[in-house]
Amino acid sequence: MSSSVLYDVPGPRARRLDRILNVTFSVAFVAIAAYVVYAFAQRGVFDDRWKVLWDPPKGQTAADVWTSLAQGLGNTLLAAAIAAPIAVTLGAFVAIVRRGITRRLVTGSATVVTEFARGLPVLMLMLLARLAFGWSPLWSVVFGLVVYNAAVVAEVLRAGLTALPKGQREAGLSIGLSPMRTTLLIELPQAVRIMLPALVSQIVVLLKDTALGYIVSYPELLRKIKINRDYFGDDYVIPLFVVGATLYILINLAISRLATYVERRLRERGKGANPPEIGPAGPIPQSGVGGPPRAEGARAGDPVFGANRPVESQPMPQRYPGESDEEFQRRIGQASSQRASLRANDRTGDV
C-alpha cells in the first residue's frame, strides 16, 4: 500500500519544518545531557568513588561487595519466583470463576475479593503478614505480592475474556459445552494470548515490588545496597545505585524478551494450527450438507467423501423423521437409479 493512501506526502514547507524540529530537539537533548554530566562532574561523581566496585576501602575486597549484591539479587529473584506463579494461578482461577460460573453468589463473592485485594497497598499487605501474622520476611513479601498481583491478573484476564466476540461463547454453548468448559477450552486460551503483554507487564511490576521487602527487613537487592552504603559511606551511594538499577533493568529486559518470544511462538502456532476435524462426529457439519466443500471433506477423512469415494459423488441421503426402514431404503434406491441414469446420459451425450 502506498504511503500516500494513509496520509498526504509532505510538501516543501512541511519537510523544512520537520528538519528544523529535528535539529532543535536534538540540540536540546544534547544540551541537557551535557548539563547533567557537568553537574555530576562538579559534585565529584566521576572521581575515585567508583573503585568501590573493584577496590573497595576499609579492608574489603571486590568479591565481598559483589557477593553481597549477588545475595540480594538472589533473594529478589527468589521472592518473585515464588510469588509470580501463585499470583498468576490464583488470578486465572478467579477470572475463570467469574466467567464460567453463572451463580451470582459465587461471581459476586469473587468480585468482592478481587476489589478488596486490589484496593490495598502491597506494603500494607506485607506489614499485615509480618506484624499481625508473625510470618518471616520472605513469606511476608510473598503474601503481599501474591494477594495484590492475583487481583490485578484476574482483572486483566477478565478484560481479555470480555473483549472476545460474543460468537466465541455462543459457539461453545451451541455445541453442548457448559459455560465453564466454554470458558476453559475456547475463551481462556484466546484471552491469555490477547492479554499476554499486560500479564508480562504485571510480572515486571511484581519483580520491582520486591524492593518493598526492604521495609519488612527482607534482604533483597535494595536492602543490600543500603547495607553497603551504610558501611562504606554516602560517597559510594551512586556507584552502588547504578549497579542495582542496571541489574533491575537487565532482569526486566530479559523478562520482556522472553514474553516477546513466547507471544511470537503462540502467534506462529495459531497460524499453523491444523483445521478442526470434519465429519459427523466432530463439531463441524458434514461436508456437502451445509459444511465445508466436499473436496476439503474428502481430504479431512469425511466418512461420506473420504472412504474411497470420488469427490464428485453425491452426499448420502438422510433419514427423515418418522421414516420407516422400507421407505428409507426405497428412497435410496430411487436416488441411486437417478444418479446412474444421469451418468449414463453424460456418457452418451443425451440430455
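Oblate is the label for region 35-75, because the ratio a/c of its alpha-carbon gyration tensor axes (a ≥ b ≥ c) is 1.5 or higher and a/b is not greater than b/c. Counting charges near residue 152 (Lys, Arg +1; Asp, Glu -1) among other residues having Cβ under 13 Å from its Cβ returns a value of -1. Kindly list the residues of region 136-151 that lie in the label zone of residue 258, defined by a backbone N under 19 Å from the point 7 Å along the Cα-to-C-beta vector. Within reach of a label on residue 258, which here means backbone N under 19 Å from a point 7 Å along Cα→Cβ, region 136-151 contributes 142, 145-146, 149-150. When you filter the chymotrypsin sites (Phe, Trp or Tyr not before Pro) in region 23-73 for DSSP loop state and at most 13 other Cβ atoms inside 10 Å of their Cβ, you are left with 46, 54. Once C-alpha pairs closer than 8 Å and six or more residues apart are averaged by separation and normalised to the residue number of region 141-267, the relative contact order reads 26 percent. Annotation: peptides 170-181, 134-145, ranked by per-residue average of other Cβ atoms within 10 Å with the highest first, follow the order 134-145, 170-181. Annotation for region 62-128: trypsin sites (Lys or Arg not before Pro) lying in DSSP loop with at most 11 further Cβ atoms inside 10 Å of their Cβ are 103. Treating region 85-176 as a set of equal point scatterers at the Cα positions, no solvent, please give the Debye-formula log₁₀ I(q)/I(0) at q = 0.13, 0.16, 0.24 Å⁻¹. Once normalised to I(0) and log-transformed, intensities are -0.51, -0.70, -1.15. Taking 0.890 mPa s as the viscosity and 25 °C as the temperature, the Stokes-Einstein diffusion coefficient of region 1-115 based on its alpha-carbon Kirkwood radius rounds to 112 µm²/s.
Values quoted throughout were computed directly from the atomic coordinates according to the rules given, and no laboratory measurement underlies them. Note that the structure is a prediction, hence the values are computed from the model and not measured. All Cβ positions, even for glycine, are placed from backbone atoms using ideal geometry, and neighbour counts span all protein chains on display.
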